[in-house]
Amino acid sequence: MSKNITIDEHLEKYISDNSYNLHPIQKEIIEDNKKLGNLMIMQISVTQGYFLQLIIKLNNIKNVLEIGTFTGYSSLTMALSLPKDGTLTCLDKNKETSSIAKNYFKKAKLDHKINIMLNNALESMENLLSKKNKFDLIFIDGDKENYIKYYDLSYQLLNKNGL
């Protein structure tokens, strides 16, 4: 006979604290982001990061577009799962957090795989479209008021069978 287990905040924290083998720079980002107070909600959870890694590995993703980078936790997490020739393009307009993210990418020795386009994401997406760039995976995690616009433009930037 099976029992239903409620996954509440305490169980999620226990799983996160005891189940994941994070890269040292991922751990550093998490610890540094904790000092940002309420802004930490802009970082994806460790569980979400592992889910993105699973998607990347199962689907042989090589080129990722991330809309919204914050301090780079999700970017670094995805880049860790990409193949050697994989690339990740990040769109973010915040100079300060993008600089922080770039430093983490460099520390993790993944800065050769990750490019941050520092600009309004909608303008950057239009620029990518004009250059006929295509991506295997597009992760939308930017400003919520533009989600529908990001989503609509993403279809034009997505490779056939992309996610």
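Odds and ends about this structure:
- Test for Leu58: is it surrounded by fewer than 17 Cβ atoms within 10 Å (Cβ to Cβ) and modelled with pLDDT of 95 or more: yes
- Meets criteria (over 20 Å from Lys27 (Cα atoms) and in contact with a helix residue (DSSP H, G or I) (Cβ under 9 Å, 6 or more places away or on another chain)) for Asp136: yes
- Hey, Asp85 touching a Phe, Trp or Tyr at 6+ places or on another chain (Cβ under 9 Å), open to solvent by 10 Å² or more (accessible area, probe 1.4 Å) and of a type in the set (D, E, K, R) or not: no
- Candidates are the residues of the range 70-82 that are modelled with pLDDT of 95 or more and not hydroxyl-bearing (Ser, Thr, Tyr); the one that is most open to solvent (accessible area, probe 1.4 Å) is Leu80.
- Residue satisfying condition, being out of contact with any Pro (no Cβ under 7 Å at 6 or more places or on another chain), within 18 Å of Ile140 (Cβ to Cβ) and charged (D, E, K, R), within set Lys13, Lys93: Lys93
- Residue list for the range 77-116, restricted to those being acidic (Asp, Glu) and over 16 Å from Asn59 (Cβ atoms): Asp92, Glu96, Asp111
- Unique residue being under 19 Å from Met42 (Cα atoms), crowded, with 22+ Cβ neighbours inside 10 Å and in contact (Cβ under 8 Å) with a residue 24 or more places away in the chain when the list is Ile140, Ile67, Ile100: Ile67
The values are calculated or read from the model by the stated rules, or taken from the named source; none is laboratory data. What you see is a predicted model, and the numbers here were worked out from it, not measured in a lab. Backbone-built Cβ (ideal geometry, glycine too); neighbour counts: all protein chains shown. All accessible areas refer to the heavy atoms of the entire protein, side chains included, with ligands and DNA or RNA removed. Shrake-Rupley method; radii C 1.70, N 1.55, O 1.52, S 1.80 Å.
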